[in-house]
Amino acid sequence: CVGYGGLVHINWHDKNAEISFLMNTSHEKLNFDKYWEIFLEMIEDIAFNDLNFSKIYIYAFDLRPNLYKVLENKIFFMDARLEKHAYFNNKLIDVVIYSKLNKK
């Protein structure tokens, strides 16, 4: 199993959802970008073409800067940075939200 993911926190009224993807850590070192890109392509197709959502987004603790490069390559944009928003390992950290809009 490479990982699993889907759409969470679905807002049917406003037609948006958060993307969740959890990757098996044994694959992260060599295939992080590849598997994220494949997953984003699949979930975007479902969200925009099958469900007709207007927006999908990722809410992420600011711990994995390598993720942002993948998101930006897939035309996601930084929608927000919530400073000192989450408590993690005994300290407050930022949360970043990357979004993509349905262009249809």
- Residues 84, 100, 74: which one is buried (at least 16 other Cβ atoms within 10 Å of the Cβ), modelled with pLDDT of 95 or more and not aliphatic (A, V, I, L, M)? 100
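Determine whether residue 31 is open to solvent by 50 Å² or more (accessible area, probe 1.4 Å) and in a helix (DSSP H, G or I).
Answer is no for this residue.
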- Can you name the condition, by its number, that residue 5 falls short on among (1) within 16 Å of residue 71 (Cα to Cα); (2) outside any helix (DSSP H, G or I); (3) open to solvent by 80 Å² or more (accessible area, probe 1.4 Å); (4) not hydrophobic (A, V, I, L, M, F, W, C)? (3)
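Being touching a strand residue (DSSP E or B) at 6+ places or on another chain (Cβ under 9 Å), among the polar types (S, T, N, Q) and touching a residue at least 24 places away in the same chain (Cβ under 8 Å), is that true of even one residue in the range 47-68?
yes
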- Task: Quick one: which residue in 62, 45, 50 is surrounded by 12 or more Cβ atoms within 10 Å (Cβ to Cβ) and either over 12 Å from the mean Cα position of the chain (by Cα) or more than 19 Å from residue 5 (Cα to Cα) (or both)?
- Result: 62
- Filter the range 87-97 down to residues that are surrounded by 13 or more Cβ atoms within 10 Å (Cβ to Cβ) and either hydroxyl-bearing (Ser, Thr, Tyr) or within 19 Å of residue 8 (Cα to Cα) (or both), then give me how many there are. 3
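The values are calculated or read from the model by the stated rules, or taken from the named source; none is laboratory data. The shown structure was predicted, so the numbers you read here are calculated from the model rather than taken from an experiment. Please note: Cβ atoms are built from the backbone with ideal geometry, for glycine as well, and neighbour counts cover all protein chains shown. Each accessible area value is taken on the protein alone, full model and side chains, heavy atoms only, with ligands, DNA and RNA left out. Shrake-Rupley method; radii C 1.70, N 1.55, O 1.52, S 1.80 Å.
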